[in-house]
Each structure stands twice: as structure tokens, then as C-alpha cells.
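The values are calculated or read from the model by the stated rules, or taken from the named source; none is laboratory data. Treat the numbers as computed from the prediction; the structure is a model and nothing was measured. Cβ atoms come from the backbone with ideal geometry, glycine included; neighbour counts cover every protein chain shown. Just the protein is used for accessible areas: all its heavy atoms, side chains included, with ligands, DNA and RNA removed. Shrake-Rupley method; radii C 1.70, N 1.55, O 1.52, S 1.80 Å.
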Amino acid sequence: MFSVDGLLLLFMKVGLTGGIGCGKSTVMGLFREAGGRTIESDAVVRELLASDAIVHEQLRAHWGDAVFNAGTVDRRAVAARVFQDSSELKWLEDLLHPLVRAHWQAAIEQAPGALWLVEIPLLFEKRLETLFDLTVCVASPPDVVQERMVARGYTGAEVAQRRERQMPLEEKIERADHLISNAGSLEFLKRQTTRLIEQIATP
Ligand code: ADP
């Protein structure tokens with residue numbers, strides 16, 4: 001157990017998911033502020049692409065030098081290949097996903113007594129929910145997401161393309177143990193996240 005603001009928390013592994021732009025990163029930030037530890041799957045993927053020698057070797061063997069730029073992985077070139085071809089996407093996911101999972105499992109083993117929040121956009125699609133004590137879905141209405149993502153520099157087509165890869169948000173909501181609704185203000189989001197952390201806490 002560990003203590004946050006005087007509360008004793010059960011050590012727990014929470015799996016966080018939700019649609020693109022629904023507020024997952026924001027919830028992770030709030031968990032960190034409350035003393036929890038967080039891992040973002042996409043950040044682990046970025047690290048693997050940036051500096052993992054085995055990943056580099058596999059990418060070069062599969063796609064050749066075309067996906068490298070001055071020794072570093074050209075992520076746009078990789079994205080162009082996998083977004084057009086589902087078999088290429090599967091190949092890349094089969095390479096990266098076991099490494100991502102090994103990464104967060106090793107991190108949790110280093111501090112098993114902490115409250116861990118692991119953000120996995122494809123938590124349910126990849127059937128990883130059984131690895132967690134609790135699953136949480138953050139959801140926002142599509143028009144609100146569109147507005148937020150466009151403000152962040154994405155085009156409507158890019159948001160739609162990413163959304164197509166995921167199961168419908170309604171299905172994620174149904175599968176999750178806990179729902180955080182991010183349809184309103186950041187304050188509303190913060191209150192719900194704080195409440196969730198309090199619910200996890202033992203008296
Ligand atoms: P995700 O990690 O699920 O893709 P983010 O947490 O990055 O989503 O949120 C997407 C964008 O919307 C970010 O720019 C974030 O600051 C903004 N945002 C998230 N929740 C709210 C909210 N309740 N009100 C206003 N902006 C928000």
C-alpha cells in the first residue's frame with residue numbers, strides 16, 4: 001500500500017483506454033498529480049522506434065533503408081506503409097506490442113506496491129483487460145473530440161482514420177469497469193478522476 005494525501009491505497013494496476021482525443025493523457029496527468037505512476041503505450045512505442053537496436057534491425061530487414069532517415073526511424077514513412085496496408089500494420093504490431101507489454105510489466109515489477117495506471121488505446125481490441133485489476137474508459141462525444149483535435153492541429157480526416165482502427169467507443173464503455181465522462185470542462189474531468197482515486201482508496 002502507499003499513501004496519497006493521507007489515503008491508503010490498495011496497490012493496483014489500472015488499465016486506461018478510450019477513444020482518440022477523449023482525454024486519456026489528461027487523466028494520466030491527474031493520476032500522476034495524485035501520486036500514481038503512469039505508463040503511456042504510445043510513448044513506449046516512440047522510445048522503441050527511436051532507440052531499440054532489435055526493432056531497428058527488424059524494420060531494416062522488413063522495409064529496408066526507406067524507413068530510415070540519417071540513421072533514425074522515419075515515423076512518417078512507417079505510418080504511410082501501415083495505414084495503407086492492414087497486413088503491414090499487423091506485422092508492425094506483432095513486433096512492437098510484445099515489447100511494449102514487456103516494458104510496462106517490468107516497470108510494475110520494480111514498484112509493485114504503487115498505484116499504476118497503464119494507458120493502452122487498444123486495451124480491449126488486443127484483449128489485455130485481464131492483465132489489470134480495474135479497467136477505465138475515458139469517453140467524449142465525437143463532435144467535442146473533433147473540435148479538440150482540430151485545435152491540436154489534426155485534420156478531420158486524420159481523426160477519422162485513427163478512429164476507424166479502434167472498436168466503437170460505445171463498446172469500450174460497455175466493457176470497462178469504470179467510465180469517466182469527458183464531455184464537459186477540465187474541472188469536471190478532474191473531479192471524476194479524483195473521485196475514482198478516492199474509490200480505489202481504502203479507509
Ligand atoms: P487522448 O490522450 O485521449 O488522445 P488528450 O488528453 O490528449 O486525449 O486530450 C485531447 C486534447 O483535448 C488535448 O489538447 C487536451 O488538452 C484537450 N482536452 C481534454 N479534455 C478537455 C476538456 N475537458 N476541456 C477542454 N480541453 C480538453
Please indicate, with yes or no, whether at least one residue in the range 68-80 is surrounded by 12 or more Cβ atoms within 10 Å (Cβ to Cβ), touching a residue at least 24 places away in the same chain (Cβ under 8 Å) and aromatic (Phe, Trp, Tyr). no
Any idea how many residues of the range 1-37 are β-branched (Val, Ile, Thr), within 13 Å of the ligand (Cβ to nearest atom) and at pLDDT 90 or above? 3
Here the residues within the range 55-67 that are touching a residue at least 12 places away in the same chain (Cβ under 8 Å) and either in contact with a helix residue (DSSP H, G or I) (Cβ under 8 Å, 6 or more places away or on another chain) or part of a strand (DSSP E or B) (or both) are Val55, Gln58, Leu59, His62, Trp63, Val67
Within the range 94-125, how many residues are open to solvent by 30 Å² or more (accessible area, probe 1.4 Å), outside any helix (DSSP H, G or I) and over 16 Å from Lys13 (Cβ atoms)? 1
Considering the range 169-190 alone, what residues qualify as being within 11 Å of the ligand (Cβ to nearest atom) and either open to solvent by 60 Å² or more (accessible area, probe 1.4 Å) or outside any helix (DSSP H, G or I) (or both)? Ile180, Ser181, Asn182, Ala183, Gly184, Ser185, Leu186, Glu187, Phe188, Lys190
